[in-house]
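The next block holds one structure in the form of structure tokens; read it before the comments.
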Amino acid sequence: MGSLGQVIRRWLDERFGLESLLQFAKKKTVPVHRHSVWYYLGGMTLFLFVIQVLTGILLLLYYRPSPNEAFESVQYIMTHVKFGWLIRSVHSWAGNLMILTAFLHMFSVYFMRAYRKPRELTWISGMLLLFLALGFGFSGYLLPWNTLAYFATKVGTEMAAQVPLIGKWLLVFLRGGEEVTGATLTRFFGFHVAVLPGLTTILLALHLVLVQKFGMSVPESVERQWTATGGQRREMPFFPNFALRDLMGWYIALGVLGALAALMPWELGVKADPFASAPAGIRPEWYFLFAFETLKFIPAKIWFIDGEVLGVLAFGIAGLLWLLIPFLDRKPGERWRVFFLGLGVFVVVFIAVTTLPTLIASLVK
Amino acid sequence: MTMPSHPVAEESRAKSRRRFIQVVLGSGIVASIVSFLYPALRYMIPPTTGELGSDTVVAGNAKELRANSGKIFKFGSKPGLLIRLRDGSYRAFSATCTHLNCNVQYRADMQRIWCACHNGMFDLNGRNVSGPPPRPLEDYAVHLRGEDIVVQRKKAG
Amino acid sequence: MNMQVRCWFTVLLAILGCSAFALAADQCLLCHQMLEGKLKTPTDTWAEDIHGQKGLTCAACHGGDANTDDMMKAMSRAAGFVGKPARSRIPRLCARCHSDGAFMREYNPSLRTDQLAQYRTSVHGKRLAAGDTKAAVCSDCHSVHEIRPASNPLSTVHPLKVAETCARCHVNGEYMKAYKIPTDQFAGYQASAHYAAMANRGDLSAPTCSTCHGNHGAAPPGVASVENVCSTCHVFQAQLFDESPHKKAFAAMNLAACIACHSNHRIVPPTDAMLGTGPGSICLNCHAEGDAGYAKAAQMSQSIAELEKALANSDAILDRAERSGMEVSQPKLEQGEARENLIKARVNIHSFDPAKVAEVVAAGKKLAAKTYRAGREALRERDFRRKGLAISLITILVVLFGLRMKLRSIEARQAAQADEANKDSL
């Protein structure tokens, strides 16, 4: 067995320079300090993405993207296909968990200020990946073609129409027409299984290459502590130490997903009827709640500007500024550090306050 | 690590502990992979119940229905009514009465579609012609494919 | 004629032309609009009246000349002015046009023209002919100056409004005192299933007063014809009843068929308690313990109770399965089919033949058993899933345990190696 492995290694090395890759892998280390635990989130998000791709491909074997058949095909998967209930519920739960870990990963990077030089592009590619993840969530949500999904999509795409200048065009582009119809379903399906995965692959590759190149960043406070004590940096080899720990986390995630799928399966709902009136309490999925609730509270008109337009613009600008944080937070100094820390805390509290009450209310019901 | 002990015994204890870990980890990982792969592979095998409640269904056989008779068939999860007219042609409608959702039936004596619940009457085009029903019956397209009578929902708007 | 004269002449002609046009309009209306009180009220609603919209003037019914603004000429006897017509003359007044086929054809060819003939057969018509001016005439139901077509939801004779209109007199105890008939019909109707369909669901096909009593020829159906009236919708029940022993028995006792058990106006949604030998049973009104009818009632009641219990059981298990997260929409739909058998069984009661009821109940029980099995299957699947989950969680725990041990041993070895390196370098 050992000699076969050596033969393969030599074969690959002669063609692809495997030995230098393996050397790099052996040398790769992860800093160990009191904030190290946050380092697991990136890998967890990646793992959940892989789960999504695998379960998504399985679902593709039976799903039919047309209004006459979408709901029925998902029902078929849930009731007739062996373990279809498992694949579908895991896909829905893992999607939500992935977005959660992506947000946590992003915020942990923010608060550790890991976006500073030289890791600006890593942050940008990561933020774009987060937007793509939200796109996955929004497009995937419509695919079962049930009442909640239909109306949530209707409301969500109507928000797009509020963007100044291009709003109407954007609405028609997203919906594949003026209204939410079968054309919208086809289009969202195309986004969900082809366009978004393609873009994600490219950005993910970039993001991972950049992480390998620059290694894990260490928070300033830890750096100062290390230089103060004059000791060495405590580092852990990635292979096998950190990798095994990563693997433990992934197995725990698998256990959680299995339990969720078996004990709290994802609802199927009722087939969408475009001519029925929207049910009370229509709202988007939890990761859009902060925008949804905020827009609800903005008054109809501020000065002469339409309230909703202002809201959409505000979120757009806020998102852009957040994307460009590495270029805004460049100056050294305690005052700047406190400012950006406060900004981050504000954003987290804002999102929590606009998301949690509605979320808890709907869970209690 | 407290008392020094015999180096050989220590060596063999360490070895057996490593073997133990290897066995546990190895079998655990294999078992977990099997418990993930088995459902995925089983999932890929298509179920025997092929019906999908789509917008097309085989409602019957060309030899089944005599002229001037009707039969109820399952269209997805709802009942449908297949009629054969006097001239041999076929019509198909939703069998759910538009009044209070009872199942309608074909009345050969009156050559009408009739709802027994409140005496509602539909003509052979599904139009509500008498009694309480407020709307016509939803009609379907009928095609003959060899011996099979295939009923298809009309395209939604 | 010079230019100036020609100009003035044209202007004069124009003024005269305008006033002529003005005079061609309904002068009665124009004048009465400027009055007050009762003399003004008719003009308030005339714009909504179908007759006004079709171009008829006040003179069409009241006589007189609608083209002159001179009050004496307009309301003169010579011009045929009648003033407010006497109640007893109103039917014939309306019929002057409405019974004239050729005339009505010019406005609405599909309207019937037999209203007066029908009215004459009605209780209202007969009483009016006998000199009772309290009896209802056309204007009492159709209103006077705001008559809308019956299809208009605001019309007093729109299907959803008919009962209210009849109730205006028929609920008034004082008004109806002389006729010695009850005044609880509307109250009873309001408690009925028919009213619920009409008022709550807006079902235009739901029976209202005129559906059973007729509108222009309004009269209560005779004892012998009540069943005919009900059977226009409730066909099966009537057919079964006709073949049952009750038909002859009721006729012999001069009991109206459907009403004997279901009442005429207070037709409440029927319950299973009405059948059988328990409290609230209608059968006990005539039957007593020991007679054949009593036994049959008990049998039918038991049959139906059994089917209900079977349905309740499968409902319960399907609900349990659904609450544990299982997908049972298909069996639930089939349960609907099973419920239809319960409805059919209740219809079959009207044959008063336990065998007929038992037949349908058996079919229903079979379907309920099927859905019950589906529910049990769903629960079994749920248990299978939980067992599978337990097994995979155990394997995951084993792996986690193994990983932890492996990590510990690796890190112990690394620490030992680092110690060695340190010792060597010292």
> Pick from C:LEU240, C:LEU204: which is farther than 25 Å from C:VAL123 by Cα, among the hydrophobic types (A, V, I, L, M, F, W, C) and under 20 Å from the mean Cα position of the chain (by Cα)?
Replying inline: C:LEU204
> Any residue in the stretch C:122-143 that is assigned to a helix (DSSP H, G or I), acidic (Asp, Glu) and open to solvent by 70 Å² or more (accessible area, probe 1.4 Å)?
Replying inline: no
> Taking the condition of a type in the set (D, E, K, R), surrounded by fewer than 22 Cβ atoms within 10 Å (Cβ to Cβ), assigned to a helix (DSSP H, G or I) and touching a residue at least 60 places away in the same chain (Cβ under 8 Å), does C:LYS356 pass?
Replying inline: yes
> Do any residues in the stretch A:262-281 that are of a type in the set (A, V, I, L, M, F, W, C) have Cβ atoms under 8 Å from those of residues that are surrounded by 11 or more Cβ atoms within 10 Å (Cβ to Cβ) and assigned to a loop (DSSP other than H, G, I, E, B), where the two are at least six apart or on different chains, and which pairs are they?
Replying inline: A:LEU263/C:GLY325; A:MET264/C:GLY325; A:LEU268/A:PRO144; A:LEU268/C:GLU327; A:ALA272/A:PRO67; A:ALA272/A:TRP145
> Can you find a residue in the stretch A:56-69 that is closer than 20 Å to A:LEU203 by Cα and at pLDDT 95 or above?
Replying inline: yes
> Where residues in the stretch B:131-157 are open to solvent by 80 Å² or more (accessible area, probe 1.4 Å) and among the basic types (Lys, Arg), which of them is farthest from C:ALA197 (Cα to Cα)?
Replying inline: B:ARG145
> Name the helices (runs of 4 or more DSSP H) wholly within the stretch C:1-53 that hold at least 3 residues that are modelled with pLDDT under 90 and farther than 26 Å from C:SER76 by Cβ?
Replying inline: C:3-24
>> Tell me whether the stretch C:88-105 contains one or more residues that are free of Cβ contacts under 8 Å to residues at least 24 places away in the same chain, among the aromatic types (Phe, Trp, Tyr) and not in a loop (DSSP other than H, G, I, E, B).
In response: yes
>> Condition check: more than 14 Å from chain C (Cβ to nearest Cβ), closer than 16 Å to A:MET159 by Cβ and not polar (S, T, N, Q). Does A:ARG283 satisfy that?
In response: yes
>> Just to verify a result, which residue in the stretch A:41-67, among those that are without any contact (Cβ under 8 Å) to a residue 40 or more places away in the chain and not in a helix (DSSP H, G or I), is surrounded by the most Cβ atoms within 10 Å (Cβ to Cβ)?
In response: A:TYR62
> Do you know which residues across the stretch B:109-130 are surrounded by fewer than 19 Cβ atoms within 10 Å (Cβ to Cβ) and either away from chain C (no Cβ under 14 Å) or within 27 Å of A:LYS271 (Cα to Cα) (or both)?
Replying inline: B:GLN111, B:ASP123, B:LEU124, B:ASN125, B:ARG127
> For residues in the stretch B:59-76 being open to solvent by 40 Å² or more (accessible area, probe 1.4 Å) and within 14 Å of another protein chain (Cβ to nearest Cβ), which is modelled with the lowest pLDDT?
Replying inline: B:LYS74
>> Looking only at the stretch B:77-108, how many residues end up being part of a strand (DSSP E or B), among the polar types (S, T, N, Q) and more than 11 Å from chain C (Cβ to nearest Cβ)?
In response: 2
> When residues of the stretch A:121-133 are filtered for being open to solvent by 40 Å² or more (accessible area, probe 1.4 Å) and of a type outside the set (Phe, Trp, Tyr), how many remain?
Replying inline: 2
>> I'd like to know if the stretch A:308-325 contains one or more residues that are at pLDDT below 90 and surrounded by fewer than 13 Cβ atoms within 10 Å (Cβ to Cβ).
In response: no
>> Here are the criteria: (1) farther than 30 Å from A:VAL109 by Cβ; (2) surrounded by 14 or more Cβ atoms within 10 Å (Cβ to Cβ); (3) more than 26 Å from the chain's Cα centre (by Cα). Tell me which single one A:GLU19 does not satisfy.
In response: (2)
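Return yes when C:LEU111 is loosely packed, with under 15 Cβ neighbours inside 10 Å, at pLDDT below 95 and in contact with a helix residue (DSSP H, G or I) (Cβ under 9 Å, 6 or more places away or on another chain) and no when it is not.
yes
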>> I'd like the full set of residues that are open to solvent by 60 Å² or more (accessible area, probe 1.4 Å) and either in contact (Cβ under 8 Å) with a residue 60 or more places away in the chain or closer than 27 Å to A:LEU244 by Cβ (or both), limited to the stretch C:373-392.
In response: C:ILE391
> C:ARG385 is checked against (1) under 30 Å from A:ALA261 (Cβ atoms); (2) away from chain B (no Cβ under 14 Å); (3) touching a helix residue (DSSP H, G or I) at 6+ places or on another chain (Cβ under 8 Å) and fails just one. What number does that condition carry?
Replying inline: (2)
> How about the stretch B:16-35: which of its residues are under 20 Å from A:ARG245 (Cα atoms), open to solvent by 60 Å² or more (accessible area, probe 1.4 Å) and under 38 Å from the mean Cα position of the chain (by Cα)?
Replying inline: B:VAL30, B:ILE33
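Tell me, which helices (runs of 4 or more DSSP H) lie completely within the stretch C:148-242 with 3 or more residues that are surrounded by 15 or more Cβ atoms within 10 Å (Cβ to Cβ) and in contact with a Ser or Thr (Cβ under 8 Å, 6 or more places away or on another chain)?
C:162-170, C:235-242
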>> If a residue must be of a type in the set (S, T, N, Q) and within 26 Å of A:LEU204 (Cβ to Cβ), how many such residues does the stretch A:154-176 contain?
In response: 0
>> Being over 22 Å from A:LEU22 (Cα atoms), within 21 Å of the chain's Cα centre (by Cα) and among the hydrophobic types (A, V, I, L, M, F, W, C) is the filter here; which residues of the stretch A:226-256 pass it?
In response: A:TRP250, A:ILE252, A:ALA253, A:LEU254, A:VAL256
>> Quick check on my filter: what residues within the stretch C:311-334 are assigned to a helix (DSSP H, G or I) and either within 14 Å of chain A (Cβ to nearest Cβ) or buried (at least 22 other Cβ atoms within 10 Å of the Cβ) (or both)?
In response: C:SER314, C:LEU318, C:ALA321, C:GLU322, C:ARG323, C:SER329, C:GLN330, C:PRO331, C:LYS332, C:LEU333, C:GLU334
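The values are calculated or read from the model by the stated rules, or taken from the named source; none is laboratory data. Please read these numbers as outputs of a predicted model, since none were measured by experiment. Note that we place each Cβ from the backbone using ideal geometry, even for glycine, and neighbour counts take in every protein chain shown. These accessible areas exclude ligands, DNA and RNA; they are computed on the full protein's heavy atoms, side chains included. Shrake-Rupley method; radii C 1.70, N 1.55, O 1.52, S 1.80 Å.
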